[in-house]
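S.K.: Okay, here's the structure, questions in a sec.
The values are calculated or read from the model by the stated rules, or taken from the named source; none is laboratory data. Note that this is a predicted model, so its numbers are computed, not measured. Quick reminder, even Gly has a Cβ in these numbers, built from the backbone with ideal geometry, and neighbours come from all protein chains shown. The protein model used for the area step is the full one, side chains on, heavy atoms only, and it has no ligands, DNA or RNA in it. Shrake-Rupley method; radii C 1.70, N 1.55, O 1.52, S 1.80 Å.
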Amino acid sequence: MHVTLVGTGLSSLLLAEALLRRSPKARLTLVGPRRPLGAHLLSYWSDRPTPFDPFEVASWRALDVFAAGRLHHVPLTRYRYRTVRGRDWAETALARVLASGRAEHVDATALRIDDDLVRPTVVFGGGQVSSDWVFASSADPTATPDAVQQFEGWLVEAQGAGARAPVLMDFRTESAGDLRFVYALPLGPHRLFVEHVSYRPCLHRFALEQYLREVVGLKRWELVDRELGATPLFRDGLPRSEGRVVRIGVAAGLAKASTGYAALRLWRDAEAVAAALAERGELPVRLKWPSLYRVADRFFVDLLRRDPTHLEALLAALFSAADGDAVLAFLDEQAGPAEQARVARAMPEWLSSALLGERP
Ligand SMILES: Cc1cc2nc3c(=O)[nH]c(=O)nc-3n(C[C@H](O)[C@H](O)[C@H](O)COP(=O)(O)OP(=O)(O)OC[C@H]3O[C@@H](n4cnc5c(N)ncnc54)[C@H](O)[C@@H]3O)c2cc1C
């Protein structure tokens, strides 16, 4: 089996590693410009080992959420929240894939993909490659996202800046009629990673400066690193192609609509795709998407578009009424029945109504 992967980012590398491990005869061609991963740091929560863990910078068994004027301390038992060096993971993964002797890298941008339904062809400047399957993480120009999570993150250094609890969400930033919050992780005694998230364009820089001065209480700091991002979110997910050209990654709608987190979903998707190809030589496969999560994601995106300022109160209610493990399991679509019930009970009445298919 010969597989072409378009892109050398997170989803392609996770799939390349899974294919090499599960299909001993698979040969891979990765087509993509040699660019470092957009995410310098990656964060996620997990109750089991992940491929990213060896690149850990820090991990926590409790998080804070500051919402609706109140601090919610969220201890975790089942989960651990981790931050890892995403770029270093990607570089190491690409080196490992190429060292397998079963993969090659073409340092080029794919210009088009010709799908003859049997052996699709990826055309790039100066050449082309035909294979049994193409998995493409490049943007799909035909898919318009329902929302875009936009953010800018700073790694700053200042005396004592890291001597604080990790903050998953802090709404002490101007909302301007949008859903906006800051996320702040101490990554060393004098290091703090702060990220400002919005769903409409805004000047993240001003919000970050204001947060560092007014909430963290810093007078000055050194900017050590900076990352920028925009994650497309799809209310209903995207249908998975049924032919031999298959979209993967956030461009395929795999970022979780209500959180913007993608890393572990991409990992689970890569393992599911590689397992299906190894066991049956067949796709399509789709991540299971139980209706409870689908309804909650749709509700989140609809509210984001209609009345985003309501979401702060919703999140405050969720984190104050349900335990952190249940909320994180629910947000990562890994909740067991008891955790689902605890989250459903914690939801304010108007969200419970939406989950039952009614408008608030
Ligand atoms: C700054 C930033 C921080 C993030 N932090 C987190 C986080 O903490 N936790 C989390 O869960 N998620 C996070 N995300 C979201 C998500 O996990 C990342 O965006 C992740 O990199 C998505 O993987 P991907 O493979 O879909 O896209 P990418 O990793 O962006 O890979 C796409 C690849 O396609 C290539 N490409 C594009 N067009 C072409 C073409 N025509 N031909 C060939 N190659 C092409 C690109 O060069 C790139 O290599 C973050 C995203 C960003 C941008």
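S.K.: Compute the label zone of R112 within region 231-246: residues whose backbone N is under 20 Å from the point 7 Å along Cα-to-Cβ.
M.R.: Those under the cut-off are 243-246.
S.K.: What share of all Cα pairs of region 147-233, in percent, falls into each consecutive 5 Å distance bin?
M.R.: 3, 16, 28, 26, 16, 8, 3, 0
S.K.: Cα-based Rg (one decimal) and Dmax (whole number) for region 157-205, in Å?
M.R.: Radius of gyration, then largest Cα-Cα span, for region 157-205: 12.0, 35 Å.
S.K.: Counting residues in region 164-321 as N, plug N into 2.2 N^0.38 Å and put the Cα Rg over that result.
M.R.: 1.24
S.K.: First compute the accessible area of region 291-355 with a 1.4 Å probe, then give the percent of it belonging to carbon and sulfur atoms.
M.R.: Values: 1300 of 2550 Å².
The value for region 291-355 is 51 percent carbon and sulfur by accessible area.
S.K.: Taking 0.36 nm per intervening residue step and subtracting the Cα-Cα distance, what contour gain separates A143 from R220 on full extension? Present the calculation step by step, with values, prior to reporting the outcome.
M.R.: Details: separation 77, 0.36 × 77 = 27.72 nm, distance 4.27 nm.
23.5 nm is the gain from fully extending A143 to R220.
S.K.: Give me the Å³ per residue figure for the convex hull around the C-alpha atoms of region 247-326.
M.R.: Working: hull volume 9.0 nm³, N = 80.
In region 247-326, the Cα convex hull volume per residue is 112 Å³.
S.K.: If you don't mind, there's one more thing I want to ask. If you wrap a convex hull around the Cα atoms of the chain, how much volume per residue is inside, in Å³? Don't skip to the answer; put the middle values down first.
M.R.: Details: hull volume 50.5 nm³, N = 360.
Roughly 140 Å³ of hull volume per residue.
S.K.: For S59, what charge total do you get from the other residues with a beta carbon under 10 Å from its beta carbon, if Lys and Arg give +1 and Asp and Glu give -1?
M.R.: On the way: positive: R61, R80, R82; negative: D53, E56.
After counting each charged neighbour, the total is +1.
S.K.: Moving to a separate point now. If you place +1 on the Cβ of every Lys and Arg and -1 on the Cβ of every Asp and Glu, how big does the dipole about the Cα centre of the chain come out, in debye to the nearest 20?
M.R.: Working: 45 positive and 43 negative charges, 77 e Å.
Charge dipole, the chain, about its Cα centre: 360 debye, nearest 20.
S.K.: Quick one: pull the percent of accessible area on region 147-233 belonging to carbon and sulfur, 1.4 Å probe, ligands and nucleic acids left out.
M.R.: Solvent-exposed carbon and sulfur of region 147-233 make up 51 percent of the total.
S.K.: Here's another thing I want to ask about it. Have a look at T142, T83, T121 and tell me which one the Gaussian network model of the chain (Cα, springs below 10 Å) gives the largest fluctuation.
M.R.: With Cα springs under 10 Å in the chain, the top fluctuation among T142, T83, T121 is at T142.
S.K.: Next question, about the same structure. Would you mind working out the accessible area per residue for the chain, using a 1.4 Å probe, and quoting it in Å²? Write down the numbers at each step before the final one.
M.R.: Numbers: 16050 Å² over 360 residues.
Averaged over the residues of the chain, the accessible area is 45 Å².
S.K.: Run a plain Debye calculation on region 1-148 (Cα atoms as equal point scatterers, no solvent) and give log10 I(q)/I(0) at q = 0.11, 0.17 Å⁻¹, rounded to two decimals, same order as the q list.
M.R.: Results for region 1-148 at q = 0.11, 0.17 Å⁻¹ read -0.55, -1.01.
S.K.: Looking at region 291-355, I'd like the Rg to Rh ratio, where Rg is from alpha-carbon atoms and Rh is Kirkwood's inverse mean 1/r.
M.R.: Working: Rg = 11.0 Å, Rh = 11.8 Å.
That ratio equals 0.94.
S.K.: Per DSSP H run of at least 4 residues, take -39500 (n - 2.57); add these up for the chain, divide by its residues and hand me the 222 nm value, nearest 500 deg cm²/dmol.
M.R.: Details: 9 runs with 105 residues, N = 360.
Only helices count here, giving -9000 deg cm²/dmol.
S.K.: Does region 1-58 classify as rounded, prolate or oblate by the C-alpha gyration tensor (a ≥ b ≥ c root eigenvalues; a/c under 1.5 gives rounded; else a/b over b/c gives prolate, otherwise oblate)?
M.R.: Values: a/c = 3.38, a/b = 1.44, b/c = 2.35.
Taking the square roots of the gyration eigenvalues as a ≥ b ≥ c, region 1-58 is oblate.
S.K.: If the chain between R213 and A62 were fully stretched, how many nm would it gain, using 0.36 nm times the residue separation less the Cα-Cα distance? Walk me through the numbers before you get to the answer.
M.R.: Working: separation 151, 0.36 × 151 = 54.36 nm, distance 2.44 nm.
So the extension gain works out to 51.9 nm.
S.K.: How far apart, in nanometres, would the label points at R294 and L98 be if each is projected 7 angstrom from Cα along the Cα-to-Cβ direction?
M.R.: 4.2 nm
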